[in-house]
Structure formats: C-alpha cells, structure tokens
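Written below as structure tokens is the structure these notes are about.
The values are calculated or read from the model by the stated rules, or taken from the named source; none is laboratory data. Everything numeric here is computed off the predicted structure, so don't read it as measured data. Cβ coordinates were reconstructed from backbone atoms using ideal geometry, including for glycine residues, and neighbour counts include every protein chain displayed. These area figures cover heavy atoms from the full protein model, side chains too; ligands, DNA and RNA do not enter into them. Shrake-Rupley method; radii C 1.70, N 1.55, O 1.52, S 1.80 Å.
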Amino acid sequence: MKEPQAAQGVRASATHATPLKRDAPYDHRAQQAAPDIEVHDTDGRATTSVLTPDQTEPYGIPFEQFIAKREQARLAGR
C-alpha cells in the first residue's frame, strides 16, 4: 500500500537512513569528523544529512562488537 503524499510544505515521514559510502569529512574549525547519511522519506525523496559526534558515539562499541563477531564467525566457518 502506497503512503499518501505529504501536503505541500510538509515533509513526509522518514522511513530509514543509510550511510553514504565515503569517508567522514573532517571539519577543522569544529575539530570533529561527521559522517554523511541519506534520509529516505515515504514519498520517495531522499535528503543528505550529517550526524554529529554526539549522535554517532553511542554506536561505536556496538559496531566494534558486530565486526568482531562477524570475524569470529568467518574464522569458525573455515
């Protein structure tokens, strides 16, 4: 079932976000790197946004654990 289009001037609901496959640009003025993501809406549009270090920090340890578990599974499958 297709979602109804948002009224003019009203943004549609976001369905998901995907990281853009490139290195996070480093902002020398702010002294931080911030990865770009693409936010996908119910109406099919997508916009680019930037995650701040505060937004990405909570995911650092879980992603390290995911990567380690994937590597362990890969080695166990040999």
Once you keep just the Cα pairs under 8 angstrom separated by 6 or more residues, what percentage relative contact order results for the chain? 23
Give me the accessible area per residue for the chain, probe 1.4 Å, as a whole number in Å². 88
How tilted is helix 60-76 with respect to the longest principal axis of the chain? Cα atoms for both, answer in degrees (0 to 90, nearest 10). 60
Pairwise label distance in nanometres, residue 51 with residue 26, each label 7 Å out on the Cα-Cβ vector: 2.0
Counting sequence-distant residues (5 or more places) and residues on other chains, those with an amide H built under 5 Å from that of residue 32 are 27
The extension gain from residue 10 to residue 75, computed as 0.36 nm times the residue separation minus the Cα-Cα distance, is 18.5 nm
Go through 72, 35, 53 and say which Cα lies farthest out towards the positive end of the charge dipole of the chain; charges sit on Cβ, +1 for Lys and Arg, -1 for Asp and Glu. 72
Provide the net charge surrounding residue 10, with neighbours chosen by a C-beta distance below 12 Å and charges set as Lys +1, Arg +1, Asp -1, Glu -1. -1
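Could you give the dipole magnitude of the chain about its Cα centre, charging the beta-carbon of Lys and Arg +1 and that of Asp and Glu -1, in debye to the nearest 20? Walk me through the numbers on the way to the answer.
Values: 10 positive and 11 negative charges, 75 e Å.
Roughly 360 debye, rounded to the nearest 20.
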